[in-house]
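**Student:** Please see the structure below; I have some questions.
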Amino acid sequence: MAEDSNMKYSREAIGNAIEFLRGNSLNSDSEISWVQNFEEKFKEISGHDHNIAVNSGTSALHAALAAFGIGKGDEVIMPALSVIMNAYATIALGATPVFSDVNLKTWNIDLESIKKVVSDRTKAIITVSWFGLPVDLEPIMQYAKAHKILVLEDAAESLGSTYQNKPNGKLADAVAYSFENKKHLTTGGEGGMISTSNSNLAEKARKFSGLGYKHLTPDAGRTSLANSVFQRPNYKRYDTIGLNYRMSPLAAAVGLGQLDNYKSILDLRVKNGSSLCNLITQHKDFTCQEVSFGLTHAYYTAAVLYSGEKSWEDIYDLVINNGGDGFYGNVLNPYLEPALKGGSSASQEWILNLCPNAEKLQPNIMAIKTNFRKEADLKRNLKAWELTLLKI
């Protein structure tokens, strides 16, 4: 079925959801078929051999780090210009989040910033492709492998972007995706995926996110067991401590349908994002992330950095008054949030100027949504910004 561009969910996704609710499935086992088929088809996007569907992007981060063996006494490096969930997942495993500064041109973590905070306790690095722009991953991977450090790419905002003509995160030890409501691909509100080509990591991640069932495997999700085996009272089910992070079959059915139209969704957001960035950066006080050769931007948002004299709030009001939809501010640097700043869950009390580049960028970024489905909405926002720029 062809997709109506004004619909949030593709006709295939709606059809799959109805089929699931009717009790139909893609094979004889309705409880696992939707999830397994979603995981299998997702290989086309991730480029990795193993894909483990979970119930959120945060769950994906937590399970991936658990598969890495992160625990008490370990340090995990992550960018200071990002969401707080990377730190949450680290703290939940008893490890310490270590915040790295970012590059002033790309706004992403890079090797030079990592080298400044790495220690003999560093066990993992989380790279985040902020706003949809891939991190320059190759030099980080070379350094990490030489120092026996694992790398997790947080691709929550960069689904469909490419690095060196390969899916973003293909070089990483594992990738965490989010299918939350506003992401490029959604499974109906929340969802996530862990992707890796390391079968050992895949099995550990699947077991951690699947209650620790011993029969779980890197791919199929389980081995085939006769009822006469697992129905016995002395059957031992668990060989790992795990949580229930499994994706529901209904969410997988929706995601599977969305994958059929994924490319058109991505293309639309890239068109919208690049149009907004190209217009706004014609003004001398605005710049966008620097996109280096070999990278493609997924434009989760069209983010611009303002260096002029007007306040963030004044520009926001101008855009609204000129008929636009406004924009979002960059989330606060995680170590400045109350949850981490001296809180009981934090490993230390963070201080200002811990990461000066990230702290300089954060209050001056304006993140404009790109998920317009109607051409008229894009044109309306372009016009609003055009009028706004005349008054700056």
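The values are calculated or read from the model by the stated rules, or taken from the named source; none is laboratory data. If you're wondering where the values come from, they're calculated on a predicted model, not measured in any experiment. Neighbour counts run over all protein chains shown; Cβ positions are idealised from the backbone, glycine included.
**Student:** Anything in the range 75-105 that is small (Gly, Ala, Ser) and within 12 Å of Tyr335 (Cα to Cα)? List them, or say none.
**Tutor:** Ala80, Ser82, Ala87, Ser100
**Student:** Kindly indicate the residue of the range 295-327 that is among the small types (Gly, Ala, Ser) and free of Cβ contacts under 8 Å to residues at least 24 places away in the same chain and also surrounded by the fewest Cβ atoms within 10 Å (Cβ to Cβ) among those meeting that condition.
**Tutor:** Pass one, the range 295-327, residues among the small types (Gly, Ala, Ser): 298, 302-303, 307-308, 311, 323-324, 326.
Checking which are free of Cβ contacts under 8 Å to residues at least 24 places away in the same chain leaves us with 311, 326.
On the way: Ser311: 10, Gly326: 14.
In this case the residue turns out to be Ser311.
**Student:** Looking only at strands (runs of 3 or more DSSP E) that lie completely in the range 30-106, which have at least 2 residues being over 19 Å from His184 (Cα atoms) and aliphatic (A, V, I, L, M)?
**Tutor:** Output list reads 75-79.
**Student:** When only residues in the range 26-46 that are closer than 12 Å to Ala252 by Cα and among the aliphatic types (A, V, I, L, M) count, which is modelled with the lowest pLDDT?
**Tutor:** Ile32
**Student:** Something else: What single numbered condition from (1) under 30 Å from His215 (Cα atoms); (2) surrounded by fewer than 22 Cβ atoms within 10 Å (Cβ to Cβ) fails to hold for Gly257?
**Tutor:** Of the numbered conditions (1) under 30 Å from His215 (Cα atoms); (2) surrounded by fewer than 22 Cβ atoms within 10 Å (Cβ to Cβ), the odd one out for Gly257 is (2).
Each row is one residue, and each column tells you yes or no for (1) of a type in the set (A, V, I, L, M); (2) in contact with a strand residue (DSSP E or B) (Cβ under 7 Å, 6 or more places away or on another chain); (3) at pLDDT 95 or above; (4) not assigned by TED's automatic domain parsing to the domain that holds Ser100.
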| residue | (1), (2), (3), (4) |
| --- | --- |
| Asn321 | no, no, yes, yes |
| Trp350 | no, no, no, yes |
| Met366 | yes, yes, yes, yes |
| Arg373 | no, no, no, yes |
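**Student:** Moving on. So, of the residues in the range 299-332 that are in a loop (DSSP other than H, G, I, E, B) and touching an Asp or Glu at 6+ places or on another chain (Cβ under 7 Å), which turns out to be nearest to Lys369 (Cα to Cα)?
**Tutor:** Of all residues in the range 299-332, those in a loop (DSSP other than H, G, I, E, B) come to 299-300, 307-311, 322-327, 330-332.
From the residues that got through so far, the ones that are touching an Asp or Glu at 6+ places or on another chain (Cβ under 7 Å) too are 300, 307-308.
On the way: Tyr300: 7, Ser307: 20, Gly308: 22 Å.
Restricting to residues being in a loop (DSSP other than H, G, I, E, B) and touching an Asp or Glu at 6+ places or on another chain (Cβ under 7 Å), the top hit is Tyr300.
**Student:** Does Gly191 satisfy the condition of being within 16 Å of the chain's Cα centre (by Cα), in contact (Cβ under 8 Å) with a residue 40 or more places away in the chain and buried (at least 17 other Cβ atoms within 10 Å of the Cβ)?
**Tutor:** Numbers: within 16 Å of the chain's Cα centre (by Cα): yes; in contact (Cβ under 8 Å) with a residue 40 or more places away in the chain: yes; buried (at least 17 other Cβ atoms within 10 Å of the Cβ): yes.
Against the criterion (within 16 Å of the chain's Cα centre (by Cα), in contact (Cβ under 8 Å) with a residue 40 or more places away in the chain and buried (at least 17 other Cβ atoms within 10 Å of the Cβ)), Gly191 qualifies.
**Student:** While we're on this one: Suppose we keep only residues that are aliphatic (A, V, I, L, M) and in a loop (DSSP other than H, G, I, E, B) within the range 156-181. Which one would you say is farthest from Asn55 (Cα to Cα)?
**Tutor:** Checking each candidate, the answer is Leu171.
**Student:** Among the candidates Ala80, Ala53, single out the residue that is among the aliphatic types (A, V, I, L, M) and under 23 Å from Ser197 (Cβ atoms).
**Tutor:** Just a single option satisfies the conditions, and that option is Ala53.
**Student:** Six or more apart or on different chains, Cβ under 7 Å: which pairs go from a residue in the range 375-392 that's of a type in the set (Asp, Glu) to one that's at pLDDT 95 or above and part of a helix (DSSP H, G or I)? Could you list them?
**Tutor:** Glu386/Leu279
**Student:** While we're looking at this one, here's another question. Take the range 289-303 and flag every residue that is within 16 Å of Val270 (Cβ to Cβ) and over 20 Å from the mean Cα position of the chain (by Cα).
**Tutor:** Residues satisfying the conditions do not exist here.
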